[in-house]
Amino acid sequence: MNIHEYQAKAILKNFNVSAPYGVVIRDKSEAEKAAFDVFEKTGTTTWAVKAQIHAGGRGKGGGVKIAKSVDEVIQYAGEILGMQLITHQTGPEGKKVNTVLIEQGIYYPGSSDIREFYMSLLLNRSTGRNTVIYSTEGGMDIETVAKNSPQLIFREEIHPGIGLQPFQARKIAFNLGLSGQAFKEMIPFVMSLYRAYESADASLIEINPVVKTSDDHIYAADAKINLDDNALFRHPEYAGLRDLNEEDPAEVEASKHNLNFIKLNGNVGCMVNGAGLAMATMDIIKLSGGEPANFLDVGGTANAQTVEAGFRIILKDPSVKAILINIFGGIVRCDRVAQGVVDAYKTIGNIPVPVIVRLQGTNALEAKALLDQSGLKVHPAVSLKDAADLVKKHVARKEK
């Protein structure tokens, strides 16, 4: 689950990770009070006015402004709230800004001795160990740094049995070229960041940039946290952090029916049971000349209701030219899936795209009989090659 920057910083502060003080607003009328609140708490004479959306590159898109007066805070808040912010991560449609964070300025006017670092925590799946990735080149896309200056990216792997050790935090501070007060503050900063990562069951924490101010203090100037959905049952306090406005409506709808759905940019909708079969099905679609429009795994307990819900979600995508249902009945009964197809046709009405159905395994013969007796215009396939050929045929016909 993705969360906003201000929510991520609130979690980090609970683990004593230093971050600037800020106030969240959702209307321009709240900006003046928020600016004075930040001033009274910190004595700052500059403010960062920051759009809160689930995407990076906000500054380049005009979603982050540095205000040097309360009047500028009000002006920038009014400009950013309600804007359709377009970044390299939002796509050309952008995202509407509904929330703004007004934050203590940590880039002090006239100061030159400010440094920015990159730091993230995530699991290295090849080694099975959590890893701190960090660089002296903060404030930049880490992908760009990796491509142009790979020698400036450092990694510190953490033994799962003992966790992050103080000597590793000191090594990180040393590699970042810190000394004095900044060196001393970076060590507890890294240790606290790791405690937050483990305790919150995060799949990613990314701080870009970590800032060393001109007076040698360390702050998380930005913060991104991805929470592991599978561990949310251990953190009921995080349930309210989810912002459905930031998520794809189709994916939100799918989650209500316990469907694993991810929207893609292709023209062939697919409905499959099992992640491995889903990946193989998407490969088949691509080999046939099509492009997958989605990843949809109905899971091992699929029934007529979940199949019907899957149909409805796929058909909301106007790019879909055909639907491929590829089910292997192990735990799932193929006849239940077939009944879901029949029910979908009855309740949805006319389905405007060809539906290719491949059902193999438990009760496959009963499933075929159900479809045959229904009189529906579905296109049966026996093998994956048959399915691929039918996809190719019907997508080509639709695009003529």
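The values are calculated or read from the model by the stated rules, or taken from the named source; none is laboratory data. Here the structure is a predicted model, which is why all the values come from computation and not from measurement. Ideal geometry is used to build each Cβ from the backbone, glycine not excepted, and the neighbour counts take in all protein chains shown. Surface accessibility is based on the protein's heavy atoms, side chains included, excluding ligands, DNA and RNA. Shrake-Rupley method; radii C 1.70, N 1.55, O 1.52, S 1.80 Å.
Would you mind checking Lys96/Lys224; Lys224/Lys263; Lys9/Lys68; Lys33/Lys224 for any pair whose Cα atoms are more than 28 angstrom apart? Mind dumping the intermediate values first?
Working: Lys96/Lys224 19 Å; Lys224/Lys263 22 Å; Lys9/Lys68 23 Å; Lys33/Lys224 26 Å.
The answer is none of them.
What fraction of the DSSP beta bridges in the chain is antiparallel, stated in percent and rounded to the nearest 5? Can you show the working numbers first?
Working: 46 of 63 bridges.
Taking every DSSP beta bridge with both residues in the chain, the antiparallel ones total about 75 percent.
Mind checking the per residue accessible area of segment 135-277 for me, 1.4 Å probe, whole number of Å²? Don't jump to the answer; show the numbers that get you there.
Details: 7030 Å² over 143 residues.
Averaged over the residues of segment 135-277, the accessible area is 49 Å².
Got a number for carbon plus sulfur as a percent of the chain's accessible area, 1.4 Å probe?
Values: 9960 of 19290 Å².
The nonpolar share, carbon plus sulfur, comes to 52 percent.
Once phi is turned into ³J(HN,Hα) by the Karplus curve 6.51 cos²θ - 1.76 cosθ + 1.60 with θ = phi - 60°, what whole-Hz value does each residue of segment 209-224 show in order, with x for glycine and proline?
Couplings: x, 7, 10, 9, 6, 5, 9, 6, 9, 10, 9, 7, 6, 9, 7, 10 Hz.
Heavy-atom accessible area per residue, segment 1-104, 1.4 Å probe: how many Å²?
Numbers: 4770 Å² over 104 residues.
Value returned for segment 1-104: 46 Å² of accessible area per residue.
Below 8 Å between Cα atoms, with a sequence gap of 6+, how large is the relative contact order for the chain in percent? Write out the running numbers ahead of the final one.
Working: 787 pairs, mean separation 48.9, N = 400.
RCO, the chain: 12 percent.
Ranked highest first by the average count of other Cβ atoms within 10 Å around their residues, in what order do 158-171, 14-27, 196-209 fall?
Values: 158-171: 13.8, 14-27: 18.1, 196-209: 20.1.
Output ranking for 158-171, 14-27, 196-209: 196-209, 14-27, 158-171.
First measure r as the distance between the Cβ atoms of Thr347 and Gln373, then evaluate 1/(1 + (r/R0)^6) with R0 = 22 Å and state the FRET efficiency to the nearest 0.05.
Between Thr347 and Gln373 the formula returns 0.75.
At a 10 angstrom cut-off on C-beta neighbours, averaged per residue, how do the peptides 98-106, 254-262 rank from highest to lowest? Intermediate values should be presented prior to the final figure.
Numbers: 98-106: 22.6, 254-262: 16.8.
With the highest mean Cβ count within 10 Å placed first, the list reads 98-106, 254-262.
Would you give the gap between the C-alpha center of segment 257-324 and the C-alpha center of segment 370-390, rounded to a whole Å?
Measuring centre to centre over Cα atoms gives 16 Å.
Where nothing but the Cβ of Lys and Arg (+1) and of Asp and Glu (-1) is charged, how large is the charge dipole of the chain around its Cα centre, in debye to the nearest 20? Present the calculation step by step, with values, prior to reporting the outcome.
Details: 44 positive and 46 negative charges, 215 e Å.
Around 1040 debye, computed over the chain.
Would you compute, from DSSP H runs of 4+ residues alone, the mean residue ellipticity of the chain at 222 nm, taking -39500 (n - 2.57) per run and dividing by the full residue count, rounded to the nearest 500? Display every interim value, and only then the final one.
Numbers: 12 runs with 145 residues, N = 400.
Value at 222 nm, helices only: -11500 deg cm²/dmol.
Listed highest first by mean packing, meaning other Cβ atoms within 10 Å per residue, what order do 114-122, 239-247 come in?
Numbers: 114-122: 20.3, 239-247: 13.9.
Output ranking for 114-122, 239-247: 114-122, 239-247.
With a Förster radius of 30 Å, plug the Cβ-Cβ distance of Ile114 and Glu237 into 1/(1 + (r/R0)^6) and report the FRET value to the nearest 0.05. Please list the in-between numbers first.
Values: r = 35 Å, r/R0 = 1.15.
Working from the Cβ atoms, E equals 0.30.
Quick one, could you list the DSSP H helices from the chain stretching 27 Å or more along their long axis (Cα atoms) with average Kyte-Doolittle hydropathy of -1.0 or above? Don't skip to the end; give the middle numbers.
On the way: long enough: 180-199 (30 Å, 0.02).
Qualifying helices: 180-199.
Give the relative contact order (percent, whole number) for segment 268-328; include only Cα pairs under 8 Å separated by 6+ residues.
On the way: 84 pairs, mean separation 30.8, N = 61.
So the answer I get is 50 percent.
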